[in-house]
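Notes follow once the structure below has been shown.
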Amino acid sequence: MSPPLSYLDYNAEAPLKPAVAEAMAAASGRVGNPSSVHRFGRLARRALEDARAQVGALAGTGLTNVIFTSGGTEANNLALAGTARRQRVVSAVEHDSVLAAAPDATTVAVGSDGVIDVAALEAALAADPAPALVSIMLANNETGVIQPVAAAAERAHAHGALLHCDAVQGVGRIPLSLHDLGADLMSLSAHKMGGPQGAGALVVRDGVDLSAMLHGGRQEAGRRAGSENVAALIGFGVAADLAADDLKNCERMSGLRDRIEAELTAAAPDARVLGDAAPRLANTTCITMPGVAAETQVMALDLAGVAVSSGAACSSGKVGPSHVLAAMAVEPAVAVCAVRISLGWDSTKADADRLIEAWTALYRRTGRNDLRRRPSTG
Ligand SMILES: Cc1ncc(COP(=O)(O)O)c(C=O)c1O
(Lines give C-alpha, C1' and ligand atoms only; values in the text may rest on other atoms or scores of the structure.)
Protein backbone atom coordinates (compact mmCIF):
# COMPACT_ATOMS: atom_id res chain seq x y z
CA MET A 1 0.00 0.00 0.00
CA SER A 2 1.35 3.45 -0.88
CA PRO A 3 2.04 5.81 2.06
CA PRO A 4 -0.38 8.65 2.80
CA LEU A 5 0.46 11.82 0.92
CA SER A 6 0.32 15.39 2.10
CA TYR A 7 0.12 18.08 -0.54
CA LEU A 8 1.45 21.34 0.92
CA ASP A 9 2.22 23.24 -2.27
CA TYR A 10 -0.96 25.25 -2.84
CA ASN A 11 0.96 28.35 -3.94
CA ALA A 12 2.30 26.43 -6.93
CA GLU A 13 -1.01 24.78 -7.74
CA ALA A 14 -4.19 24.29 -5.77
CA PRO A 15 -6.18 21.07 -6.26
CA LEU A 16 -9.13 21.28 -8.64
CA LYS A 17 -12.29 21.67 -6.59
CA PRO A 18 -14.89 18.92 -7.22
CA ALA A 19 -17.61 21.39 -8.28
CA VAL A 20 -15.17 22.91 -10.77
CA ALA A 21 -14.28 19.50 -12.21
CA GLU A 22 -17.99 18.67 -12.57
CA ALA A 23 -18.81 21.92 -14.36
CA MET A 24 -15.83 21.49 -16.69
CA ALA A 25 -16.68 17.87 -17.49
CA ALA A 26 -20.21 18.90 -18.46
CA ALA A 27 -18.88 21.80 -20.57
CA SER A 28 -16.22 19.84 -22.40
CA GLY A 29 -18.87 17.56 -23.90
CA ARG A 30 -20.53 20.52 -25.67
CA VAL A 31 -19.61 21.98 -29.05
CA GLY A 32 -19.78 25.68 -29.87
CA ASN A 33 -17.42 28.61 -30.34
CA PRO A 34 -18.67 31.65 -28.39
CA SER A 35 -17.99 33.83 -31.45
CA SER A 36 -20.35 31.78 -33.67
CA VAL A 37 -23.83 33.20 -34.22
CA HIS A 38 -25.75 29.91 -34.33
CA ARG A 39 -27.39 28.38 -31.27
CA PHE A 40 -24.35 26.31 -30.32
CA GLY A 41 -22.24 29.45 -30.36
CA ARG A 42 -24.85 31.40 -28.43
CA LEU A 43 -24.94 28.74 -25.69
CA ALA A 44 -21.15 28.81 -25.41
CA ARG A 45 -21.28 32.62 -25.30
CA ARG A 46 -23.83 32.56 -22.51
CA ALA A 47 -21.71 30.16 -20.45
CA LEU A 48 -18.64 32.32 -21.07
CA GLU A 49 -20.43 35.50 -20.00
CA ASP A 50 -21.75 33.76 -16.86
CA ALA A 51 -18.14 32.88 -16.00
CA ARG A 52 -17.12 36.47 -16.70
CA ALA A 53 -19.79 37.71 -14.29
CA GLN A 54 -18.55 35.28 -11.61
CA VAL A 55 -14.93 36.45 -12.00
CA GLY A 56 -16.10 40.08 -12.10
CA ALA A 57 -18.00 39.54 -8.84
CA LEU A 58 -14.87 38.08 -7.22
CA ALA A 59 -12.93 41.20 -8.20
CA GLY A 60 -15.77 43.55 -7.27
CA THR A 61 -16.24 44.70 -10.87
CA GLY A 62 -18.66 44.23 -13.73
CA LEU A 63 -18.68 42.02 -16.78
CA THR A 64 -16.95 44.41 -19.14
CA ASN A 65 -13.95 44.75 -16.86
CA VAL A 66 -12.84 41.12 -17.19
CA ILE A 67 -10.48 40.07 -19.99
CA PHE A 68 -9.93 36.33 -20.01
CA THR A 69 -6.37 35.14 -20.56
CA SER A 70 -4.43 31.88 -20.49
CA GLY A 71 -3.41 32.50 -16.87
CA GLY A 72 -1.61 34.85 -14.50
CA THR A 73 1.51 35.06 -16.65
CA GLU A 74 -0.40 36.33 -19.67
CA ALA A 75 -2.46 38.70 -17.53
CA ASN A 76 0.73 40.21 -16.09
CA ASN A 77 2.32 40.51 -19.52
CA LEU A 78 -0.83 42.10 -20.94
CA ALA A 79 -1.02 44.62 -18.10
CA LEU A 80 2.59 45.67 -18.60
CA ALA A 81 2.68 45.67 -22.39
CA GLY A 82 -0.87 46.89 -22.96
CA THR A 83 -0.72 50.05 -20.89
CA ALA A 84 2.84 51.32 -21.08
CA ARG A 85 5.92 50.07 -22.81
CA ARG A 86 8.24 52.26 -20.80
CA GLN A 87 8.52 54.32 -17.61
CA ARG A 88 7.36 51.47 -15.44
CA VAL A 89 8.10 50.90 -11.78
CA VAL A 90 7.95 47.41 -10.25
CA SER A 91 8.83 45.96 -6.87
CA ALA A 92 11.93 43.82 -6.50
CA VAL A 93 9.86 40.84 -5.32
CA GLU A 94 7.40 40.59 -8.22
CA HIS A 95 6.82 37.27 -9.92
CA ASP A 96 9.08 36.60 -12.90
CA SER A 97 6.15 37.14 -15.25
CA VAL A 98 6.22 40.82 -14.22
CA LEU A 99 9.98 41.26 -13.93
CA ALA A 100 10.78 39.60 -17.25
CA ALA A 101 7.98 41.49 -19.02
CA ALA A 102 9.45 44.83 -17.93
CA PRO A 103 13.24 44.39 -17.92
CA ASP A 104 13.76 48.15 -18.25
CA ALA A 105 11.57 49.01 -15.25
CA THR A 106 12.78 50.91 -12.23
CA THR A 107 12.88 48.52 -9.28
CA VAL A 108 11.59 49.46 -5.85
CA ALA A 109 13.36 47.82 -2.93
CA VAL A 110 11.75 45.90 -0.09
CA GLY A 111 12.87 45.88 3.52
CA SER A 112 14.23 42.80 5.27
CA ASP A 113 10.60 42.02 6.16
CA GLY A 114 9.77 41.70 2.44
CA VAL A 115 7.44 44.73 2.37
CA ILE A 116 7.97 47.38 -0.29
CA ASP A 117 9.43 50.66 0.82
CA VAL A 118 6.67 53.18 -0.02
CA ALA A 119 9.13 56.07 0.42
CA ALA A 120 11.41 54.44 -2.19
CA LEU A 121 8.41 54.08 -4.50
CA GLU A 122 7.63 57.76 -4.02
CA ALA A 123 11.26 58.64 -4.81
CA ALA A 124 11.24 56.49 -7.97
CA LEU A 125 8.02 58.15 -9.14
CA ALA A 126 9.30 61.63 -8.35
CA ALA A 127 12.51 60.97 -10.30
CA ASP A 128 10.56 60.14 -13.47
CA PRO A 129 9.02 63.08 -15.37
CA ALA A 130 6.08 60.96 -16.56
CA PRO A 131 5.82 57.56 -14.87
CA ALA A 132 3.27 55.41 -16.63
CA LEU A 133 2.68 52.26 -14.59
CA VAL A 134 3.47 50.82 -11.18
CA SER A 135 3.19 47.06 -10.66
CA ILE A 136 2.97 45.77 -7.08
CA MET A 137 1.80 42.28 -6.15
CA LEU A 138 -0.87 41.69 -3.51
CA ALA A 139 1.01 38.88 -1.78
CA ASN A 140 4.29 37.18 -2.50
CA ASN A 141 4.23 33.60 -3.73
CA GLU A 142 7.40 32.58 -1.86
CA THR A 143 6.96 34.23 1.54
CA GLY A 144 3.26 35.11 1.64
CA VAL A 145 4.19 38.70 2.58
CA ILE A 146 1.29 41.08 1.86
CA GLN A 147 2.09 44.38 0.17
CA PRO A 148 0.54 47.80 0.92
CA VAL A 149 -1.10 47.98 -2.50
CA ALA A 150 -3.59 50.73 -1.64
CA ALA A 151 -0.76 53.00 -0.41
CA ALA A 152 1.23 52.24 -3.57
CA ALA A 153 -1.82 53.01 -5.72
CA GLU A 154 -2.27 56.32 -3.97
CA ARG A 155 1.38 57.24 -4.70
CA ALA A 156 1.11 56.05 -8.32
CA HIS A 157 -2.04 58.07 -8.96
CA ALA A 158 -0.55 61.18 -7.38
CA HIS A 159 2.13 61.01 -10.10
CA GLY A 160 -0.32 60.25 -12.90
CA ALA A 161 0.65 56.59 -13.21
CA LEU A 162 -1.61 53.53 -13.31
CA LEU A 163 -1.38 50.79 -10.68
CA HIS A 164 -1.33 47.13 -11.67
CA CYS A 165 -1.67 44.51 -8.96
CA ASP A 166 -0.71 40.86 -9.45
CA ALA A 167 -3.33 39.40 -7.11
CA VAL A 168 -2.73 35.78 -8.13
CA GLN A 169 -1.76 34.61 -4.62
CA GLY A 170 -4.31 36.72 -2.78
CA VAL A 171 -7.51 35.11 -3.99
CA GLY A 172 -9.41 33.24 -1.28
CA ARG A 173 -6.84 34.41 1.25
CA ILE A 174 -7.50 38.16 1.38
CA PRO A 175 -10.81 39.85 0.52
CA LEU A 176 -10.33 41.16 -2.99
CA SER A 177 -11.67 44.26 -4.69
CA LEU A 178 -10.16 46.24 -7.53
CA HIS A 179 -11.76 49.33 -6.08
CA ASP A 180 -10.59 48.88 -2.46
CA LEU A 181 -7.05 48.16 -3.64
CA GLY A 182 -7.18 51.36 -5.67
CA ALA A 183 -5.84 49.33 -8.59
CA ASP A 184 -6.44 50.07 -12.26
CA LEU A 185 -5.55 46.56 -13.39
CA MET A 186 -5.45 43.26 -11.51
CA SER A 187 -4.20 39.81 -12.56
CA LEU A 188 -5.88 36.57 -11.52
CA SER A 189 -5.08 32.91 -12.16
CA ALA A 190 -7.61 30.08 -11.95
CA HIS A 191 -5.27 27.29 -10.88
CA LYS A 192 -4.27 29.00 -7.65
CA MET A 193 -7.89 28.97 -6.43
CA GLY A 194 -9.15 25.50 -7.25
CA GLY A 195 -9.78 26.19 -10.93
CA PRO A 196 -7.97 24.68 -13.92
CA GLN A 197 -4.51 25.49 -15.25
CA GLY A 198 -4.35 27.67 -18.34
CA ALA A 199 -7.11 30.12 -17.39
CA GLY A 200 -6.86 33.57 -15.86
CA ALA A 201 -7.98 37.13 -16.23
CA LEU A 202 -6.80 40.68 -16.34
CA VAL A 203 -9.40 42.82 -14.60
CA VAL A 204 -9.33 46.38 -15.89
CA ARG A 205 -10.98 49.46 -14.41
CA ASP A 206 -13.41 51.39 -16.64
CA GLY A 207 -11.62 53.99 -18.74
CA VAL A 208 -8.18 52.35 -18.73
CA ASP A 209 -6.76 52.33 -22.21
CA LEU A 210 -5.39 48.86 -22.94
CA SER A 211 -3.93 47.71 -26.23
CA ALA A 212 -3.98 44.06 -27.18
CA MET A 213 -0.88 41.92 -27.01
CA LEU A 214 -2.35 39.07 -29.10
CA HIS A 215 -3.74 40.16 -32.45
CA GLY A 216 -6.29 38.41 -34.65
CA GLY A 217 -10.01 38.07 -33.95
CA ARG A 218 -12.14 40.48 -31.94
CA GLN A 219 -12.53 38.23 -28.90
CA GLU A 220 -12.55 39.80 -25.43
CA ALA A 221 -13.79 43.11 -26.89
CA GLY A 222 -10.72 43.33 -29.11
CA ARG A 223 -8.35 43.22 -26.15
CA ARG A 224 -7.22 39.59 -26.45
CA ALA A 225 -7.53 37.71 -29.74
CA GLY A 226 -8.03 33.95 -29.88
CA SER A 227 -10.92 31.57 -29.25
CA GLU A 228 -11.61 31.38 -25.55
CA ASN A 229 -11.01 28.14 -23.63
CA VAL A 230 -14.68 27.86 -22.68
CA ALA A 231 -14.57 24.74 -20.48
CA ALA A 232 -11.60 26.06 -18.50
CA LEU A 233 -13.19 29.48 -18.10
CA ILE A 234 -16.43 27.90 -16.89
CA GLY A 235 -14.29 26.13 -14.27
CA PHE A 236 -12.62 29.45 -13.43
CA GLY A 237 -16.06 31.01 -12.90
CA VAL A 238 -17.10 28.26 -10.47
CA ALA A 239 -13.77 28.56 -8.62
CA ALA A 240 -14.28 32.33 -8.38
CA ASP A 241 -17.70 31.74 -6.80
CA LEU A 242 -16.18 29.34 -4.28
CA ALA A 243 -13.24 31.59 -3.37
CA ALA A 244 -15.36 33.42 -0.79
CA ASP A 245 -15.70 30.13 1.15
CA ASP A 246 -11.92 29.86 1.36
CA LEU A 247 -11.75 33.12 3.26
CA LYS A 248 -13.73 31.42 6.03
CA ASN A 249 -10.96 28.82 6.22
CA CYS A 250 -8.13 31.28 6.81
CA GLU A 251 -8.22 31.18 10.59
CA ARG A 252 -7.98 27.39 10.63
CA MET A 253 -5.17 27.53 8.05
CA SER A 254 -3.14 30.12 9.96
CA GLY A 255 -3.58 27.95 13.08
CA LEU A 256 -2.02 25.00 11.24
CA ARG A 257 0.71 27.20 9.74
CA ASP A 258 1.57 28.74 13.11
CA ARG A 259 1.76 25.31 14.68
CA ILE A 260 4.11 24.10 11.93
CA GLU A 261 6.36 27.11 12.48
CA ALA A 262 6.34 26.70 16.26
CA GLU A 263 7.19 22.97 16.08
CA LEU A 264 9.91 23.34 13.46
CA THR A 265 11.64 26.22 15.21
CA ALA A 266 11.39 24.37 18.54
CA ALA A 267 13.05 21.30 16.98
CA ALA A 268 15.63 23.42 15.13
CA PRO A 269 16.34 26.61 17.07
CA ASP A 270 18.61 27.82 14.24
CA ALA A 271 15.76 27.60 11.69
CA ARG A 272 14.41 30.92 10.43
CA VAL A 273 10.96 31.87 9.20
CA LEU A 274 11.50 34.42 6.44
CA GLY A 275 9.04 37.29 6.20
CA ASP A 276 7.37 36.63 9.54
CA ALA A 277 7.86 40.23 10.69
CA ALA A 278 5.31 41.40 8.10
CA PRO A 279 1.61 40.70 7.56
CA ARG A 280 1.44 37.40 5.66
CA LEU A 281 -1.03 35.15 3.92
CA ALA A 282 -2.53 32.68 6.41
CA ASN A 283 -1.42 29.66 4.40
CA THR A 284 2.27 30.28 3.64
CA THR A 285 5.54 29.80 5.46
CA CYS A 286 9.03 30.10 4.06
CA ILE A 287 11.36 28.38 6.51
CA THR A 288 15.03 27.47 6.50
CA MET A 289 16.64 24.26 7.65
CA PRO A 290 20.12 25.62 8.17
CA GLY A 291 22.81 23.88 6.21
CA VAL A 292 20.46 21.61 4.25
CA ALA A 293 19.91 22.66 0.64
CA ALA A 294 16.27 23.29 -0.25
CA GLU A 295 16.39 20.70 -3.04
CA THR A 296 17.60 18.07 -0.57
CA GLN A 297 14.74 18.94 1.75
CA VAL A 298 12.17 18.85 -1.05
CA MET A 299 13.36 15.40 -2.17
CA ALA A 300 13.58 13.98 1.35
CA LEU A 301 10.12 15.30 2.23
CA ASP A 302 8.77 13.91 -1.04
CA LEU A 303 10.09 10.47 -0.09
CA ALA A 304 8.22 10.86 3.20
CA GLY A 305 5.03 11.67 1.25
CA VAL A 306 5.04 15.44 1.81
CA ALA A 307 5.01 17.85 -1.15
CA VAL A 308 6.56 21.30 -0.64
CA SER A 309 8.62 23.60 -2.87
CA SER A 310 12.02 25.14 -2.74
CA GLY A 311 11.66 28.95 -2.56
CA ALA A 312 10.89 29.77 -6.16
CA ALA A 313 9.79 26.44 -7.59
CA CYS A 314 6.71 28.25 -8.83
CA SER A 315 8.86 29.24 -11.78
CA SER A 316 9.59 25.84 -13.26
CA GLY A 317 13.15 25.10 -14.22
CA LYS A 318 14.46 27.98 -12.14
CA VAL A 319 17.69 27.22 -10.36
CA GLY A 320 19.80 29.42 -8.17
CA PRO A 321 18.89 31.62 -5.26
CA SER A 322 15.52 33.27 -5.07
CA HIS A 323 15.37 36.93 -6.17
CA VAL A 324 12.71 37.47 -3.50
CA LEU A 325 14.94 36.35 -0.64
CA ALA A 326 17.90 38.25 -2.15
CA ALA A 327 15.75 41.41 -2.20
CA MET A 328 15.04 40.83 1.50
CA ALA A 329 18.82 40.74 2.06
CA VAL A 330 18.73 37.12 3.23
CA GLU A 331 22.32 35.82 3.05
CA PRO A 332 22.73 33.44 0.07
CA ALA A 333 23.87 30.60 2.33
CA VAL A 334 20.61 30.93 4.28
CA ALA A 335 18.38 31.51 1.25
CA VAL A 336 19.44 28.26 -0.43
CA CYS A 337 18.13 26.38 2.61
CA ALA A 338 14.60 27.85 2.47
CA VAL A 339 11.56 25.78 1.57
CA ARG A 340 8.05 27.06 1.01
CA ILE A 341 5.19 25.25 2.70
CA SER A 342 1.79 26.40 1.48
CA LEU A 343 -1.49 25.05 2.81
CA GLY A 344 -5.04 25.19 1.50
CA TRP A 345 -8.65 24.36 2.18
CA ASP A 346 -8.06 20.60 2.24
CA SER A 347 -4.99 20.72 4.51
CA THR A 348 -5.48 18.87 7.77
CA LYS A 349 -3.82 18.46 11.13
CA ALA A 350 -2.57 15.09 9.86
CA ASP A 351 -0.79 16.87 6.96
CA ALA A 352 0.85 19.28 9.39
CA ASP A 353 1.87 16.39 11.67
CA ARG A 354 3.37 14.45 8.75
CA LEU A 355 5.37 17.47 7.65
CA ILE A 356 6.60 18.21 11.18
CA GLU A 357 7.67 14.61 11.67
CA ALA A 358 9.45 14.31 8.31
CA TRP A 359 11.13 17.72 8.58
CA THR A 360 12.39 17.21 12.13
CA ALA A 361 13.61 13.68 11.29
CA LEU A 362 15.57 15.09 8.35
CA TYR A 363 16.98 17.84 10.53
CA ARG A 364 18.17 15.32 13.10
CA ARG A 365 19.64 13.02 10.40
CA THR A 366 21.57 15.77 8.65
CA GLY A 367 22.42 17.72 11.80
CA ARG A 368 25.91 16.35 12.29
CA ASN A 369 27.30 16.14 8.79
CA ASP A 370 25.56 18.83 6.81
CA LEU A 371 26.54 22.21 5.36
CA ARG A 372 26.49 23.83 8.79
CA ARG A 373 29.89 22.27 9.36
CA ARG A 374 31.26 23.92 6.23
CA PRO A 375 32.67 27.44 6.22
CA SER A 376 30.09 29.95 5.04
CA THR A 377 30.47 31.21 1.49
CA GLY A 378 28.65 34.43 2.38
C1 LIG B 1 2.36 35.85 -7.85
C2 LIG B 1 2.22 35.07 -9.12
N3 LIG B 1 1.96 35.73 -10.27
C4 LIG B 1 1.81 35.09 -11.43
C5 LIG B 1 1.90 33.72 -11.51
C6 LIG B 1 1.73 33.04 -12.83
O7 LIG B 1 0.44 32.47 -12.95
P8 LIG B 1 0.14 31.32 -14.01
O9 LIG B 1 0.77 30.08 -13.50
O10 LIG B 1 -1.34 31.25 -14.08
O11 LIG B 1 0.73 31.78 -15.31
C12 LIG B 1 2.16 32.98 -10.32
C13 LIG B 1 2.30 31.52 -10.29
O14 LIG B 1 3.08 30.90 -10.82
C15 LIG B 1 2.32 33.68 -9.11
O16 LIG B 1 2.56 33.04 -7.97
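The values are calculated or read from the model by the stated rules, or taken from the named source; none is laboratory data. Quantities reported herein were computed from a predicted structural model and do not represent experimental measurements. Every residue, glycine among them, receives a Cβ derived from its backbone with ideal geometry; neighbour counts consider all protein chains shown. Calculation scope for accessible area: heavy atoms of the full protein, side chains included, ligands and nucleic acids excluded. Shrake-Rupley method; radii C 1.70, N 1.55, O 1.52, S 1.80 Å.
Brief remarks follow.
- The conditions of being at pLDDT below 95 and either acidic (Asp, Glu) or surrounded by 24 or more Cβ atoms within 10 Å (Cβ to Cβ) (or both) are met by Asp128.
- Residue count for segment 153-175, restricted to those that are out of contact with any helix residue (DSSP H, G or I) (no Cβ under 6 Å at 6 or more places or on another chain), buried (at least 23 other Cβ atoms within 10 Å of the Cβ) and over 14 Å from Val93 (Cα atoms): 4
- Every condition in (1) open to solvent by 20 Å² or more (accessible area, probe 1.4 Å); (2) at pLDDT 95 or above; (3) at positive phi holds for Arg46 except the one numbered (3).
- Scanning segment 215-243 for residues that are free of Cβ contacts under 8 Å to residues at least 60 places away in the same chain and in contact with a Gly (Cβ under 8 Å, 6 or more places away or on another chain), we see that the one that is surrounded by the fewest Cβ atoms within 10 Å (Cβ to Cβ) is Gly216.
- Candidate set: segment 49-58, residues that are of a type in the set (A, V, I, L, M) and open to solvent by less than 20 Å² (accessible area, probe 1.4 Å); chosen: the one nearest to the ligand (Cβ to nearest atom): Val55
- Positions within segment 197-211 being more than 16 Å from the ligand (Cβ to nearest atom) and either part of a loop (DSSP other than H, G, I, E, B) or under 14 Å from the mean Cα position of the chain (by Cα) (or both), in sequence order: Arg205, Asp206, Gly207, Val208, Asp209, Leu210, Ser211
- Verdict on Gly200 being among the small types (Gly, Ala, Ser), buried (at least 24 other Cβ atoms within 10 Å of the Cβ) and in contact with a Lys or Arg (Cβ under 8 Å, 6 or more places away or on another chain): no
- Hey, Thr285 farther than 28 Å from Ala26 by Cα, surrounded by 19 or more Cβ atoms within 10 Å (Cβ to Cβ) and hydroxyl-bearing (Ser, Thr, Tyr) or not: yes
- Odd one out for His191, checked against (1) open to solvent by less than 20 Å² (accessible area, probe 1.4 Å); (2) within 16 Å of the ligand (Cβ to nearest atom): (1)
Let's see how each residue does on (1) within 16 Å of the ligand (Cβ to nearest atom); (2) part of a loop (DSSP other than H, G, I, E, B); (3) without any contact (Cβ under 8 Å) to a residue 60 or more places away in the chain:
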{"residue": "Thr143", "(1), (2), (3)": "yes, yes, no"}
{"residue": "His157", "(1), (2), (3)": "no, no, yes"}
{"residue": "Cys165", "(1), (2), (3)": "yes, no, yes"}
{"residue": "Gly172", "(1), (2), (3)": "yes, yes, no"}
{"residue": "Leu176", "(1), (2), (3)": "yes, yes, no"}
{"residue": "His179", "(1), (2), (3)": "no, no, no"}
{"residue": "Gly195", "(1), (2), (3)": "yes, yes, no"}
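- Of residues in segment 22-43 being open to solvent by less than 50 Å² (accessible area, probe 1.4 Å) and in contact with a helix residue (DSSP H, G or I) (Cβ under 7 Å, 6 or more places away or on another chain), the one farthest from Val168 (Cα to Cα): Gly32
- Selection count where residues are away from the ligand (no atom under 15 Å from the Cβ), in contact (Cβ under 8 Å) with a residue 40 or more places away in the chain and either closer than 9 Å to Leu202 by Cβ or among the aliphatic types (A, V, I, L, M) (or both), scope segment 59-80: 2
- Being away from the ligand (no atom under 16 Å from the Cβ) and modelled with pLDDT of 95 or more is a property that Ser112 has.
- Of residues in segment 81-98 being within 12 Å of the ligand (Cβ to nearest atom) and polar (S, T, N, Q), the one farthest from Ala327 (Cα to Cα): Ser97
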